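The numbers here are math on the coordinates, done by the rules we state, and not lab data. In this text the structure is predicted, and so the values were computed from the model without any measurement. Positions of Cβ are generated from backbone atoms using ideal geometry, with glycine treated the same way; all protein chains shown enter the neighbour counts.
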Amino acid sequence: MTKLNEFAKGYETKATKNIAELPEVSVDLELEDDEFEFTDKDGNVKTVKQKVVNLNGENYRVPVSVIQQLKVLLEDNPNLKKVKVKKTGEGKDNTRYQAIPLM
């Protein structure tokens, strides 16, 4: 058995991070399907499907708006290798992302 304090010291959350947390993102990373379940405030179990990239064993969620912006950037610059993703706002309805091409 493990003591609570020992377990707590070594505990790491398995929550998916956000691609905007990375200093730069290679456009050649493998995009994967991911899903998880949660219980909403009414007690209903919901399934969330998302796209993620895995980097150093960590999953980073890639919002659809970033994929859409990357498509436009690649149309004008098919040799683009890296982007930076900026996030502004908080919450489901107020968060915005901006994909910025890097040289």
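Given the pairs Lys9/Lys46; Lys46/Lys92; Lys46/Lys87, which span a C-alpha to C-alpha distance of over 21 angstrom in this model?
Numbers: Lys9/Lys46 31 Å; Lys46/Lys92 16 Å; Lys46/Lys87 25 Å.
Violating the 21 Å limit, Cα to Cα: Lys9/Lys46; Lys46/Lys87.
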- Query: Could you give P(r) for the range 14-102, binned at 10 Å from zero, as whole percent values over all Cα-Cα pairs?
  - Reply: 15, 46, 30, 8, 2
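Where Lys and Arg each count +1 and Asp and Glu each count -1, what net charge lies around Leu22 among other residues with Cβ under 12 Å from its Cβ? Could you put the intermediate results ahead of the total?
On the way: positive: Lys17, Arg61, Lys82, Lys84, Lys86, Lys87; negative: Glu21, Glu24, Glu58.
Every neighbour counted, the sum reads +3.
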- Task: Rank Asn79, Thr47, Thr16 by how far each Cα sits towards the positive end of the charge dipole of the range 14-102 (+1 on Lys, Arg Cβ; -1 on Asp, Glu Cβ) and give me just the farthest.
- Result: Asn79
- Rounded to the nearest 10 degrees, what's the angle between the helix 64-76 long axis and the longest principal axis of the chain, both from Cα atoms, 0 to 90? 20 degrees
- Restricting attention to the range 21-103, which GluC sites (Glu not before Pro) occupy a DSSP loop and are surrounded by at most 14 other Cβ atoms within 10 Å? Glu24, Glu30, Glu90
- So, with +1 on the Cβ of K and R and -1 on the Cβ of D and E, and no other charges, what is the size of the charge dipole of the chain about its Cα centre, to the nearest 20 debye? 320 debye
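Order these by the 10 Å Cβ neighbour count, fewest first: Leu22, Leu31. Don't jump to the answer; show the numbers that get you there.
Numbers: Leu22 17, Leu31 11.
Ranked by crowding around the Cβ, least crowded first: Leu31, Leu22.
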- Can you list the aspartates and glutamates whose alpha carbon is less than 15 Å from that of Lys82, not counting same-chain residues fewer than 8 positions off? Glu21, Glu24, Asp28, Glu30
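If Lys and Arg each add +1 and Asp and Glu each add -1, what is the summed charge of the other residues whose beta carbon sits under 14 Å from the beta carbon of Val52? Each step should come with its number before you reach the end.
Values: positive: Lys14, Lys17, Lys49, Lys51, Arg61; negative: Glu21, Glu30, Glu32, Asp33, Asp34, Glu35, Glu58.
Local charge sum for Val52: -2.
If the chain between Glu37 and Val64 were fully stretched, how many nm would it gain, using 0.36 nm times the residue separation less the Cα-Cα distance? Please report the intermediate quantities before stating the final value.
On the way: separation 27, 0.36 × 27 = 9.72 nm, distance 1.93 nm.
The Glu37-Val64 span can extend by a further 7.8 nm.
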- Surpassing 31 Å at the alpha-carbon level, of the pairs Lys41/Lys71; Lys17/Lys41; Lys17/Lys81; Lys14/Lys81; Lys3/Lys84; Lys14/Lys86, are Lys41/Lys71; Lys3/Lys84
- Item | the chain, helix-only ellipticity at 222 nm - DSSP H runs n ≥ 4, -39,500 (n - 2.57), divided by all residues, nearest 500 | -5500 deg cm²/dmol
